[in-house]
Amino acid sequence: MMKRGGRGHEANGIVTTPPGALAVRCWACPDASRNLPSGWDKVPESKAYLYKLMLAFDANFRLKNKLRAGERMDPALTDGLGYPSRSGPYKEHIKTLVDEKDVSAL
């Protein structure tokens, strides 16, 4: 994974790899500096959907992760170096949301 992420020949490559460094950029996702036409932010509301980023879970892999035994029995190979955030800061962030009202509940 480190080799594919371009960290294979870095001095202390694994140790100095910052969070998210192994994530691969999505070339199809809208990015004003790369693949959006000039004036994309001034289109009418009826056409704005053309330039919005749409995120979704893929297949059922994320839900299957809930069945894991836990971090102790099934630790992450690269904590925070790919797409998921580091588990420590993530858990601290989740603790701040415990008392928040569920916005998806109708």
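The values are calculated or read from the model by the stated rules, or taken from the named source; none is laboratory data. As the structure is a prediction and not an experimental result, all values here were calculated from the model. For neighbour counting, all protein chains shown are included, and Cβ atoms are generated from backbone atoms with ideal geometry for every residue, glycine included.
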Check your understanding: Is at least one residue of region 44-61 outside any helix (DSSP H, G or I) and modelled with pLDDT of 90 or more?
Key -> yes
Review point. Out of curiosity, is VAL15 at pLDDT below 85, within 25 Å of ARG4 (Cβ to Cβ) and more than 20 Å from the chain's Cα centre (by Cα)?
Key: yes
Practice item. Kindly list the number of the only condition in (1) at pLDDT below 85; (2) loosely packed, with under 10 Cβ neighbours inside 10 Å that fails for THR96. Key: (1)
Practice item. Name, by its number, the condition in (1) without any contact (Cβ under 8 Å) to a residue 12 or more places away in the chain; (2) exposed (fewer than 10 other Cβ atoms within 10 Å of the Cβ); (3) more than 20 Å from LEU81 (Cβ to Cβ) that does not hold for VAL15. Key: (3)
Review point. Among (1) of a type in the set (Gly, Ala, Ser); (2) over 20 Å from the mean Cα position of the chain (by Cα); (3) modelled with pLDDT of 80 or more, which single condition is ALA105 missing?
Key: (3)
